[in-house]
Amino acid sequence: VKSSLGPVGLDKMLVDDIGDVTITNDGATILQQLEVEHPAARVLVDLAQLQDKEVGDGTTSVVLIAAELLKRANDLISQLGLHPTTVIAGYRMALKVSVAWLKKTMVLKVDEDLQVDHLINAAKTSMSSKILGAESDFFAKLAVDAVKSVKMKSPSTGKTVYPLSAIHILKSHGKSSTESQLVDGGFALNAQRAAQGMVTSVEADKDA
């Protein structure tokens, strides 16, 4: 997966046992297609899937970093004779220092009413290395509008939150990706009318 990292990363063509073809540069997708049996390698696959589930990006980076940490740990154990618990303790100390440095140096507090242009630019950056990169302008605005549409106050903390679980993606075959649209304030269902005589739209109705 190393060659798939970065804005000029290469896409991989994966063919499974039944001939289905997958073209992607996403680390989690690539590793998911592999038949991995080694326990350490299995940990990296699970790590990529967890990163994809919790964050949605950075799967290749987290796998490469974890693999390098495992490689360096193996060198410390095999060449210098350190005990594994000593290496683990050192990694935990390094983790605390790294997190403290990141919070101090890299994390910036932003206003809740951050300008839409800044949000769109951030979304475009995250799409630049994806297959949708050519339509990043369109999908960046669509993503920002979708996230802003679910803005709410947390009942427990009173802070502004954006529950991504409230955003649902409905796929439609035979359509162009640029025909995607946001249903704001409503819900779209992939269903057909039970009969041709049924109405297609209702306005100002009263539901019992």
Working note, the range 142-202: Cα radius of gyration (Å, one decimal) and Dmax (Å, whole number) are 15.7, 49
Burial-style ranking of 189-196, 26-33, 53-60, 89-96, average other-beta-carbon count within 10 Å with highest first, yields 26-33, 53-60, 89-96, 189-196
Cα extents of the chain along the principal axes, largest first, in whole Å, come to 78, 50, 36
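So what is Rg over Rh here for the range 2-105, counting just Cα atoms and using Kirkwood for Rh? It would help to have the intermediate numbers written out before the result.
Working: Rg = 16.4 Å, Rh = 15.7 Å.
Looking at the range 2-105, the ratio lands at 1.04.
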Per the charge dipole of the chain (beta-carbon charges, Lys/Arg positive, Asp/Glu negative, Cα centre), the residue among Q196, H168, H38 reaching farthest to the positive end is H38
Here the membrane-span-like helices of the chain, with no claim about any membrane, defined by DSSP H, Cα axial extent at least 20 Å and mean Kyte-Doolittle at least -0.5, are 39-54, 59-79, 84-105
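Semi-axes of the range 14-71's equivalent ellipsoid from the Cα gyration tensor, sqrt of 5 times each eigenvalue, largest first, rounded to whole Å? Don't skip to the end; give the middle numbers.
Values: eigenvalues 80, 41, 17 Å².
Semi-axis lengths for the range 14-71 are 20, 14, 9 Å.
Exposure proxy check: S180, S201, S98, S4 ranked by fewest other beta carbons within 10 Å?
On the way: S180 15, S201 5, S98 10, S4 18.
Going from least to most buried by this count: S201, S98, S180, S4.
Past the 24 Å Cα-Cα mark, which pairs from K71/K104; K148/K171; K12/K103; K151/K206?
K71/K104; K12/K103; K151/K206
Determine the calculated [θ] at 222 nm for the chain from helices alone, applying -39500 (n - 2.57) to every DSSP H run no shorter than 4 residues and normalising by the residue count; nearest 500 deg cm²/dmol.
Values: 6 runs with 91 residues, N = 208.
Helices in the chain give a 222 nm mean residue ellipticity of -14500 deg cm²/dmol.
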In debye to the nearest 20, the charge dipole size for the chain, taken about the Cα centre with +1 at each Lys and Arg Cβ and -1 at each Asp and Glu Cβ, equals 840
Q33 neighbourhood, Cβ < 11 Å, K/R = +1, D/E = -1, net charge -4
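Readers should treat all values here as calculations from the given coordinates under stated rules, not as data from a laboratory. These numbers were taken from a predicted model, which means no experiment stands behind them. Ideal geometry is used to build each Cβ from the backbone, glycine not excepted, and the neighbour counts take in all protein chains shown.
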